[in-house]
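See structure below.
The values are calculated or read from the model by the stated rules, or taken from the named source; none is laboratory data. Since the model is a prediction, treat every value here as computed from it, not as a measurement. We place every Cβ from the backbone using ideal geometry, glycine too, and count neighbours over all the protein chains shown. These accessible areas exclude ligands, DNA and RNA; they are computed on the full protein's heavy atoms, side chains included. Shrake-Rupley method; radii C 1.70, N 1.55, O 1.52, S 1.80 Å.
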Amino acid sequence: MKTYKPYAWVPSLYVAEALPYVAVMVISTTMYKRMGLSNTELALYTSWLYLPWVIKPLWSPFVAAWRTERWWVLAMQLLIGGGFAAIALSLPTSLWLQASLAGFWLLAFASATHDIAADGLYIVSLNTHDQSLYVGVRSTFYRIGNIVGQGLLVMLAGWLEKRQSVPMAWSVAFLVLAGCFIAMWLWHSVALPKDTPNSIPVREDGGEPIAAEESAFWLALRTFFTKPHIVSALFFMLLFRFPEAQLVKIANPFLIDTVEQGGLALSTEAVGFAYGTVGIVGLTIGGLLGGWLVSRYGLKRCLWPMVLSISLPDLVYVYMAVAMPPFWVVNVCVFVEQLGYGVGFTAYMLYMVYFAQGARSTAVFSICTAIQALGMMLPGMVAGWLADSLGYVGFFWWVVLCCAVTVGVSAFIKIDDAYGKK
């Protein structure tokens, strides 16, 4: 039965948006650690995978110019399913590292393109009332996608590791993801709304429409760089998450490594539960709490409490590296750190929305998110080397010291007193 009601496709669309991103950014680090890569190697290789999100604004005009949002969503979901299958089939082979990295690159570009098309489809297919009504639904199901990927899938891989080799366990896990995406593609082929007059039409001649989109991009770029307080805004968007960009690459390897190596020696299943389930719950609660605080008191008034909330909880990793606590305490620590991160990250996202206000706000916000991805990519590339050089205790102290960067860039941004407050 064909249906184009938002409840039939919005939840599954945003689960589909979350899963490949989580696979590329988080699951890959856990898998590569279990496959025997050093922290230096896995952090460097997986940080490069941020690049498609960094350069996403460069090709988003072409996505809009060549086909409709619906076409791109379906095409990318099929490609993502193929990418998951390619990774799965590569892991038991002798060229597993090169082949799996190629698969993750395919996933990264397909996922970034899917993001463009999915968000565009949401905008052109729903009226303003439904956009507001379903914004909470899309956020909730994006978080559910995170739990499925970082939590359930990693726990499945850990369960399989006890029954077969590590490569085969992860191969089966990625085959499950491939099957899920083929099923999503089949469902969305029926459930996604048909192309509407608001949808961008098919443009196959490669002529004037694409040139117009290119012109729009350069206008957006000029608008971005001529905004007031651009220097302080750039530093804020690039460096606010400087500590977290390093921590996120090493958190799972730390949980997995043996006690002799300075880690907590958790099983893959335990990591999936602690970081991928308990942590995501904390992150979600933190985001909701942060949004409520800003709506009540305004972003300017909440900024410094939010800066502290994203910075101080990093100390729990120093504690875990020194004390080697039992598993239930690890869960509490991960929850606290992710809760604080969720609250603090709200300030970061809302500032980008605030900065993008005005002419060409959507395109300007896209550039903001590209700078955000660059801010995660560059520090992450050296995080593994730092962890291997300093040891986990030294590395986590370094991350805490880096919180001074977050404080520093927050001191210079300009925000209207009433922004965000009801």
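Couple of notes before you dig in:
- The one condition in (1) touching an Asp or Glu at 6+ places or on another chain (Cβ under 9 Å); (2) within 24 Å of L234 (Cβ to Cβ) that G340 fails to fulfil: (2)
- The residues in the stretch 28-47 that are within 21 Å of L177 (Cβ to Cβ) and either touching a helix residue (DSSP H, G or I) at 6+ places or on another chain (Cβ under 6 Å) or open to solvent by 30 Å² or more (accessible area, probe 1.4 Å) (or both) can be counted, and the count is 11.
- Checked against (1) buried (at least 21 other Cβ atoms within 10 Å of the Cβ); (2) within 21 Å of I413 (Cα to Cα), L312 passes all but condition (1).
- Segments classed as helices (runs of 4 or more DSSP H), wholly inside the stretch 1-100, with at least 1 members that are farther than 24 Å from A387 by Cβ: 6-22, 51-54, 56-66, 69-90
- Identity of the residue in the stretch 177-212, β-branched (V, I, T) and either more than 19 Å from F104 (Cβ to Cβ) or modelled with pLDDT of 95 or more (or both), that ends up surrounded by the most Cβ atoms within 10 Å (Cβ to Cβ): I200
Yes/no per residue for (1) basic (K, R); (2) without any contact (Cβ under 8 Å) to a residue 40 or more places away in the chain:
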position	(1), (2)
L255	no, no
T258	no, yes
G262	no, no
I280	no, no
R296	yes, no
L299	no, no
V307	no, no
M320	no, no
M324	no, no
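- Residue within the stretch 7-14 that is among the polar types (S, T, N, Q) and either within 14 Å of the chain's Cα centre (by Cα) or open to solvent by 50 Å² or more (accessible area, probe 1.4 Å) (or both) present: no
- Members of the stretch 288-301 found to be open to solvent by less than 10 Å² (accessible area, probe 1.4 Å), part of a helix (DSSP H, G or I) and over 24 Å from V26 (Cα atoms), listed by number: V294, L299
- Looking across the stretch 237-287, the residues that are part of a helix (DSSP H, G or I), under 16 Å from L156 (Cα atoms) and among the hydroxyl-bearing types (S, T, Y) come down to T268, Y275, T277.
- Unique match (being surrounded by fewer than 18 Cβ atoms within 10 Å (Cβ to Cβ) and in contact with a Ser or Thr (Cβ under 6 Å, 6 or more places away or on another chain)) among A75, A88, A99: A99
- Scanning the stretch 331-365 for residues that are of a type in the set (S, T, Y) and open to solvent by less than 30 Å² (accessible area, probe 1.4 Å) yields Y341, T346, Y348, Y351.
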